Amino acid sequence: MLKTGTERVKRGMAEMQKGGVIMDVVNAEQARIAEAAGAVAVMALERVPSDIRAAGGVARMADPTITEEVLNAVSIPVMAKARIGHIVEARVLEAMGVDYIDESEVLTPADEVFHLLKSDYTVPFVCGARDLGEAARRIGEGASMLRTKGEPGTGNIVEAVRHMRMIQGQIRKVVAMSEDELMTEAKNLGAPFEVLLQIKKAGKLPVVNFAAGGVATPADAALMMQLGADGVFVGSGVFKSENPEKFARAIVEATTHYQDYKLIAELSKGLGSAMKGIDISTLNPADRMQERGW
Amino acid sequence: MLKIGVLALQGAVREHIQALESCGVQATAVKRVEELAELDGLVMPGGESTAMRRLIDKYGFLEPLKEFAKQKPVFGTCAGLILMAKRIQGQDSAHLELIDMTVERNAFGRQVDSFEAELMIHGVGEDYTGVFIRAPFIVEVGPEVEILSKHNDRIVAAKQGHFLCAAFHPELTDDYRLHQYFVKMVQTSKEVVA
């Protein structure tokens, strides 16, 4: 008997990405640069988050031509983004053979109440989360991988740090609680009880949790690893930098050796300027992508 | 106590360490070449083989790993199996070239084709759940290679001397029989040397 799309196969795929860097790319050439630099996967997009921010309007699933071009260009896994709650975009990406779908707040949500029932799909999903309640709800819906939301396209790590610290702290609290306190904690967090119970018993999330949203330097990537991330997504950081190839390689190495500070110093030399970056407090509340998701 | 390392450049390192510890050996993550010296055996985990190879080159692991493999047992799973193969289909060059076999990468298809299947593994047992994730398979093997398991006529586990490889992920289940099998290989090899 051969079984596809099992929880183990879907979560296992993300386990294989651990300690690695997943890079946003908008065409085959960028995908090849990312693969050669040692990326463990690429995210095929029409525009990177900072350009989505600049362009405004409704951001949707990428043109399938771009996704297909990237799928054909590299042998590493290819991820792609669907709008929150957009069943058809997700099904289209699954039918195209995409390896992982990001139900992403970077795109304009298609549904302001419900997320996708991700357990229904053969393809695995990654979702963003800012706290343990959100993380547990996404796991309850069938997400096989999580990432911090951060504040995408800002080149500012502060929100990703906030989200990672929040989730880690809440996990520690759940693990330390006695089991009879757990239902009330589930109510307070807005988290499914069963998922919290699993986290309490295992002492960790049942899926991999990557850092995302605002990683702009090798030191940022290493910082997130040190805070407990299993790996790193780099969105606008790589291909908005002066020397994408060098920058991509530096991020990969800093993620592997995140506690080797001499090495990170070497890696950080002469990278040229990173993306300019945005102070979060100057963002109009309506432009905060992390608020999307329920 | 036996000490077995898990190459920790990228991939499912923690799961292999847990599996090895459950088999009663000391397990350690290996990030630097110097750390190979104190080991009795090495596991090369699943992950992305292209990413691992780049880091192997970057940190000068290629020759030390080949040297290590001359003396001591190595077990590769999924990407680790690819690193161990002498020949990779569609590529001009291979990596560590330890096992006389030709492998095909992502041979079962993309992630939506990833699957679980029951396997029979010679010397290990039956009813073994193989978790195949964007997995390779072994296309052909040389005369020195012992075929340990097949799935739908495709070779998915093999052994040559003190080298063991699997196209699936034994570290993703609670069934540690294949890890135990490798621990025995390491034990035997250590006794022979001593």
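The values are calculated or read from the model by the stated rules, or taken from the named source; none is laboratory data. Computed from a predicted model, the values in this text were never measured in an experiment. Cβ placement follows ideal geometry from the backbone for every residue including glycine, while neighbour counts extend to all protein chains displayed.
Return the residues of the stretch A:212-239 that are among the polar types (S, T, N, Q) and in a loop (DSSP other than H, G, I, E, B); say none if nothing qualifies.
Passing the criteria: only A:THR217.
Out of the residues in the stretch A:169-198 that are in a loop (DSSP other than H, G, I, E, B) and on the phi < 0 side of the Ramachandran plot, state the one that is farthest from the chain's Cα centre (by Cα).
Ranking the candidates gives A:SER178 first.
I'd like to check something: does the stretch A:76-88 contain any residue that is over 22 Å from A:ALA216 (Cα atoms), crowded, with 20+ Cβ neighbours inside 10 Å and touching a Phe, Trp or Tyr at 6+ places or on another chain (Cβ under 7 Å)?
Yes, the stretch A:76-88 has at least one match.
Would you mind listing the strands (runs of 3 or more DSSP E) fully within the stretch A:1-89 where at least 3 residues are modelled with pLDDT of 95 or more and within 20 Å of A:GLU103 (Cα to Cα)?
Where strands (runs of 3 or more DSSP E) fall fully within the stretch A:1-89 and carry at least 3 residues being modelled with pLDDT of 95 or more and within 20 Å of A:GLU103 (Cα to Cα), they are A:21-25, A:41-44, A:78-83.
Looking at the structure I just gave you, is A:GLY155 closer than 30 Å to A:ALA222 by Cβ and more than 14 Å from the chain's Cα centre (by Cα)?
Judged against the criteria, A:GLY155 is a match.
Under the condition of being small (Gly, Ala, Ser) and within 14 Å of chain A (Cβ to nearest Cβ), which residue from the stretch B:1-25 is farthest from A:ALA14 (Cα to Cα)?
B:ALA19
For the stretch B:75-103, name all the residues that are more than 15 Å from the chain's Cα centre (by Cα) and among the charged types (D, E, K, R).
B:ARG87, B:ASP92
Consider A:GLY214 carefully, then state whether it is surrounded by fewer than 16 Cβ atoms within 10 Å (Cβ to Cβ) and more than 14 Å from chain B (Cβ to nearest Cβ). Let's see the steps before the verdict.
Numbers: surrounded by fewer than 16 Cβ atoms within 10 Å (Cβ to Cβ): no; more than 14 Å from chain B (Cβ to nearest Cβ): yes.
In short, no.
Yes or no: B:LEU42 away from every other protein chain (no Cβ under 14 Å) and part of a helix (DSSP H, G or I)? Before the answer, list the steps.
Working: away from every other protein chain (no Cβ under 14 Å): yes; part of a helix (DSSP H, G or I): no.
For B:LEU42, the condition - away from every other protein chain (no Cβ under 14 Å) and part of a helix (DSSP H, G or I) - is not met.
Which of the residues belonging to the stretch B:109-133 are crowded, with 16+ Cβ neighbours inside 10 Å, assigned to a loop (DSSP other than H, G, I, E, B) and touching a residue at least 40 places away in the same chain (Cβ under 8 Å)?
B:VAL124, B:ILE133 - these are the residues of the stretch B:109-133 that are crowded, with 16+ Cβ neighbours inside 10 Å, assigned to a loop (DSSP other than H, G, I, E, B) and touching a residue at least 40 places away in the same chain (Cβ under 8 Å).
Kindly indicate which of A:ALA44, A:ALA14, A:ALA34, A:ALA39 is surrounded by 24 or more Cβ atoms within 10 Å (Cβ to Cβ), more than 20 Å from B:GLY47 (Cβ to Cβ) and within 14 Å of another protein chain (Cβ to nearest Cβ).
On the way: A:ALA14 fails: more than 20 Å from B:GLY47 (Cβ to Cβ); A:ALA34 fails: more than 20 Å from B:GLY47 (Cβ to Cβ); A:ALA39 fails: more than 20 Å from B:GLY47 (Cβ to Cβ).
None of the other options fit; the residue is A:ALA44.
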